[in-house]
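K.L.:
Questions regarding the structure given below will be posed in turn.
Computed from the coordinates by the stated procedures, all read-outs in this text should not be read as laboratory data. Fair warning: this is a prediction, and the values are worked out from it, not measured in the lab. With ideal geometry, Cβ positions are generated from the backbone for all residues, glycine too; neighbour counts draw on all protein chains shown.
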Amino acid sequence: EAEVAQSPRYKITEKSQAVAFWCDPISGHATLYWYRQILGQGPELLVQFQDESVVDDSQLPKDRFSAERLKGVDSTLKIQPAELGDSAMYLCASSLSGVGDNTEAFFGQGTRLTVV
Amino acid sequence: GIQVEQSPPDLILQEGANSTLRCNFSDSVNNLQWFHQNPWGQLINLFYIPSGTKQNGRLSATTVATERYSLLYISSSQTTDSGVYFCAVEPNFGNEKLTFGTGTRLTIIP
């Protein structure tokens with residue numbers, strides 16, 4: 001069964017260091033999402049791609065976060081420098097996309113980030 | 001943006017009991033999904049249900065789009081049903097931004 005792949009599963013980093021997460025969506029899925037989930041809350045969208053284009057990054061803290069999906073397939077989310085408040089679960093999801101189409105989203109296992 | 005409210009926030013039940021979780025949303029939607037977040041944090045798809053009723057084993061869901069709510073029913077609860085249940089919606093305007101509710105934490109006691 002096709003799955004969204006994410007790595008690493010866990011990451012511990014020191015404050016002010018750089019950290020990167022990788023996501024490989026389900027094959028053929030045009031839309032890719034990065035969500036952040038703080039403990040005890042629901043996931044919140046950081047950035048959304050349609051193929052290689054960003055369609056929504058309004059909640060991405062652009063002074064320290066960056067995201068790319070260069071060939072419209074896999075994606076990287078980077079944080080530099082990391083802050084203590086960035087400790088959270090980072091979730092990647094993908095969907096077939098298309099207004100009016102089935103837009104069911106499927107999530108990867110997530111990367112649990114701890115900043116010390 | 002669209003508002004998504006889930007109730008109750010917490011639910012503790014004995015094994016074998018039935019439960020109903022509710023999701024209210026503030027605008028018309030193109031997509032509504034129910035997820036179960038397992039202890040390791042992964043979101044497991046339960047239902048893709050922008051309208052109508054679906055059933056999958058002991059779980060079923062109903063979305064009444066005209067009244068802007070959805071219900072998730074769990075029958076004969078098992079301890080493995082414990083976890084957080086999220087409703088997520090995509091509004092019927094703008095881009096495809098899936099917005100999550102705050103979740104219902106379900107605890108099933110043996």
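K.L.:
I'd like to check which strands (runs of 3 or more DSSP E) are fully inside segment B:33-110 and have at least 2 residues that are touching a Gly at 6+ places or on another chain (Cβ under 7 Å) and either within 10 Å of chain A (Cβ to nearest Cβ) or among the polar types (S, T, N, Q) (or both).
P.N.:
B:83-91
K.L.:
Mind counting the residues in segment A:1-19 that are among the aliphatic types (A, V, I, L, M) and farther than 14 Å from A:Ala82 by Cβ?
P.N.:
Adding up the residues that qualify gives 3.
K.L.:
Are any residues in segment A:36-52 at the interface with chain B (Cβ under 10 Å from one of its Cβ atoms), outside any loop (DSSP other than H, G, I, E, B) and free of Cβ contacts under 8 Å to residues at least 60 places away in the same chain, and if so, which ones?
P.N.:
A:Glu44, A:Leu45, A:Gln48, A:Gln50
K.L.:
Would you check if there is a residue in segment B:8-31 being within 12 Å of another protein chain (Cβ to nearest Cβ) and outside any strand (DSSP E or B)?
P.N.:
yes
K.L.:
May I pose another question? Mind telling me which of the residues B:Gln33, B:Gln42 ends up being buried (at least 17 other Cβ atoms within 10 Å of the Cβ) and more than 13 Å from the chain's Cα centre (by Cα)?
P.N.:
On inspection, the qualifying residue turns out to be B:Gln42.
K.L.:
When you check B:Thr66 against the structure, is it more than 26 Å from A:Arg9 (Cβ to Cβ) and out of contact with any strand residue (DSSP E or B) (no Cβ under 9 Å at 6 or more places or on another chain), yes or no?
P.N.:
So B:Thr66 passes the test.
K.L.:
Given the conditions (1) free of Cβ contacts under 8 Å to residues at least 24 places away in the same chain; (2) more than 15 Å from B:Phe35 (Cα to Cα), and given that A:Leu84 satisfies all but one, which numbered condition is not satisfied?
P.N.:
Looking at each condition in turn, A:Leu84 falls short on (1).
K.L.:
Same structure again: Do the conditions hold for A:Ser66, that is, is it within 14 Å of chain B (Cβ to nearest Cβ) and small (Gly, Ala, Ser)?
P.N.:
No, not satisfied.
K.L.:
For segment B:98-106, check the following and say yes or no: at least one residue is farther than 16 Å from B:Thr20 by Cα, of a type in the set (S, T, N, Q) and either free of Cβ contacts under 8 Å to residues at least 24 places away in the same chain or in contact with a helix residue (DSSP H, G or I) (Cβ under 7 Å, 6 or more places away or on another chain) (or both).
P.N.:
no
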